[in-house]
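Notes for the one structure printed next.
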Amino acid sequence: MASLRIPVPSASLLSPPPPRSPHLVHHCRPSSSSSRARTPLMAMASSSPPQLQELKQGIADFYDQSSGLWEQIWGDHMHHGFYDSDADDVSLSLTNHRSAQIRMIEESLRFASLLHPDSKIPKRIVDVGCGIGGSSRYLAQKFGAQCCGITLSPIQAQRANALADSQGLSDQVSFQVADALQQPFPDDEFDLVWSMESGEHMPDKPKFVKELARVAAPGATIIIVTWCHRDLNPSEDSLKPWEKELLQKICKAYFLPAWCSAADYVGLLHSLSLQVT
Ligand SMILES: C[S@@+](CC[C@H](N)C(=O)[O-])C[C@H]1O[C@@H](n2cnc3c(N)ncnc32)[C@H](O)[C@@H]1O
């Protein structure tokens, strides 16, 4: 259980949807406070099983139908790029977007201190919400690691396995259809738990985070890159009506449940006594 594995160093990196670039770097000490956890975290957790099933099916169908097109446009990676606003060479070309996607992976690793020469190289990785496996293949090659990816989309799992096969990586990476909220892995299994732009689909954020922590081995790193709404001010109970309306449109388009803030995630991670960066 998570409480027996304290401390599990973890990195929380959170990115908003386009066109803004990823932001949010937290430096927190472990704490038992979860006071920032607000209603949206449980937005659909109390929904009926048919509603949850409908969301899952909607996500699976969405990616079954759209992954081919995403692949044509974005290649292996179905996530946003990391753009350095100070760099001179930022352009909107697809080529640059693809290198910006790789930069997003590298920046996430750097942020979680995994690129530091003294850091332990991860050898067992889980890619939670793996898409067509771009991160898994990249990380498996970079670290010489074994990587398991899970997705709700059978078409994605199939394509991810086919790409691994064609790249000679099938003995290192494998993909299957499974739910991030009920992962088919034992406790303490992985030394890197990776979730790149999948958390926004999760209807029960506490369960999502708990499940990430459950499969993380003692001393493992958990990296979460996800869409979040802004942190609320102390005087606010919720977002403004126009903000909610805007988010609702994005939810409809991408099969997303209610959003939460980065501070909400930090609260959840602290409530499990994880170290948050
Ligand atoms: C935007 S794609 C990101 C894919 C991949 N991480 C990448 O960066 O290329 C979101 C992924 O999350 C997965 N996903 C959403 N909800 C999930 C759940 N409950 N369990 C497992 N995967 C889920 C989708 O199937 C999809 O593969």
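The values are calculated or read from the model by the stated rules, or taken from the named source; none is laboratory data. Here the structure is a predicted model, which is why all the values come from computation and not from measurement. Note that each Cβ is placed from the backbone with ideal geometry, even for glycine, and that neighbours are counted across all protein chains shown.
Please enumerate the residues belonging to the stretch 222-277 that are among the aromatic types (Phe, Trp, Tyr) and either surrounded by 23 or more Cβ atoms within 10 Å (Cβ to Cβ) or at pLDDT 95 or above (or both).
TRP227, TRP242, TRP259, TYR265
I'd like the full set of residues that are among the aliphatic types (A, V, I, L, M) and more than 9 Å from the ligand (Cβ to nearest atom), limited to the stretch 124-156.
Within the stretch 124-156, ILE125, VAL126, LEU139, ALA140, ALA145, ILE155 qualify.
If ARG103 satisfies every condition in (1) surrounded by fewer than 20 Cβ atoms within 10 Å (Cβ to Cβ); (2) closer than 16 Å to PHE190 by Cα; (3) of a type outside the set (Phe, Trp, Tyr) but one, which is the exception?
All conditions are met except number (2).
Answer yes if at least one residue in the stretch 232-252 is more than 13 Å from the ligand (Cβ to nearest atom) and touching a helix residue (DSSP H, G or I) at 6+ places or on another chain (Cβ under 7 Å), and no otherwise.
No, the stretch 232-252 contains no residue that is more than 13 Å from the ligand (Cβ to nearest atom) and touching a helix residue (DSSP H, G or I) at 6+ places or on another chain (Cβ under 7 Å).
With the structure loaded, tell me whether GLN167 is under 24 Å from LYS56 (Cβ atoms) and either of a type outside the set (Phe, Trp, Tyr) or near the ligand (Cβ under 9 Å from one of its atoms) (or both) or whether it fails that test.
no
If only one of ALA217, ALA213 is assigned to a helix (DSSP H, G or I) and either touching an Asp or Glu at 6+ places or on another chain (Cβ under 7 Å) or surrounded by 16 or more Cβ atoms within 10 Å (Cβ to Cβ) (or both), which one is it?
Details: ALA217 fails: assigned to a helix (DSSP H, G or I).
Going through ALA217, ALA213 in turn, just one is assigned to a helix (DSSP H, G or I) and either touching an Asp or Glu at 6+ places or on another chain (Cβ under 7 Å) or surrounded by 16 or more Cβ atoms within 10 Å (Cβ to Cβ) (or both): ALA213.
Only residues that are assigned to a loop (DSSP other than H, G, I, E, B) and within 12 Å of the ligand (Cβ to nearest atom): list them for the stretch 47-88, please.
Answer for the stretch 47-88, where residues must be assigned to a loop (DSSP other than H, G, I, E, B) and within 12 Å of the ligand (Cβ to nearest atom): GLY75, ASP76, HIS77, MET78, HIS79, HIS80, GLY81.
One line per residue, one yes/no per condition, for (1) among the aromatic types (Phe, Trp, Tyr); (2) in contact with a Leu (Cβ under 6 Å, 6 or more places away or on another chain):
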residue: PRO234; (1), (2): no, no
residue: SER238; (1), (2): no, no
residue: GLU243; (1), (2): no, no
residue: LEU246; (1), (2): no, no
residue: LYS252; (1), (2): no, no
residue: PHE255; (1), (2): yes, no
residue: TRP259; (1), (2): yes, yes
residue: VAL266; (1), (2): no, no
residue: LEU272; (1), (2): no, no
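Does ILE121 satisfy being among the hydrophobic types (A, V, I, L, M, F, W, C) and surrounded by fewer than 21 Cβ atoms within 10 Å (Cβ to Cβ)? Working first, answer last.
Values: among the hydrophobic types (A, V, I, L, M, F, W, C): yes; surrounded by fewer than 21 Cβ atoms within 10 Å (Cβ to Cβ): yes.
Considered against the rule, which asks whether it is among the hydrophobic types (A, V, I, L, M, F, W, C) and surrounded by fewer than 21 Cβ atoms within 10 Å (Cβ to Cβ), ILE121 comes out as yes.
Would you tally the residues in the stretch 116-134 being modelled with pLDDT of 95 or more and of a type in the set (D, E, K, R)?
Residues in the stretch 116-134 being modelled with pLDDT of 95 or more and of a type in the set (D, E, K, R): 3 in total.
Quick one: in the stretch 178-213, of everything that is closer than 14 Å to ARG124 by Cα and of a type in the set (D, E, K, R), which residue is nearest to the ligand (Cβ to nearest atom)?
GLU189
Starting from the stretch 100-129, keep only residues that are basic (Lys, Arg), then list their pairs with residues that are part of a strand (DSSP E or B) whose Cβ atoms are within a distance under 6 Å, requiring at least 6 positions of separation or different chains.
Note: pairs meeting the criteria are ARG124/GLN146; ARG124/PHE190; ARG124/ASP191.
I need a count of the residues in the stretch 177-196 that are within 17 Å of the chain's Cα centre (by Cα) and not small (Gly, Ala, Ser).
Applying the first criterion (within 17 Å of the chain's Cα centre (by Cα)) to the stretch 177-196 yields 177-183, 190-196.
Checking which are not small (Gly, Ala, Ser) leaves us with 177, 179, 181-183, 190-194, 196.
Within the stretch 177-196, residues that are within 17 Å of the chain's Cα centre (by Cα) and not small (Gly, Ala, Ser) number 11.
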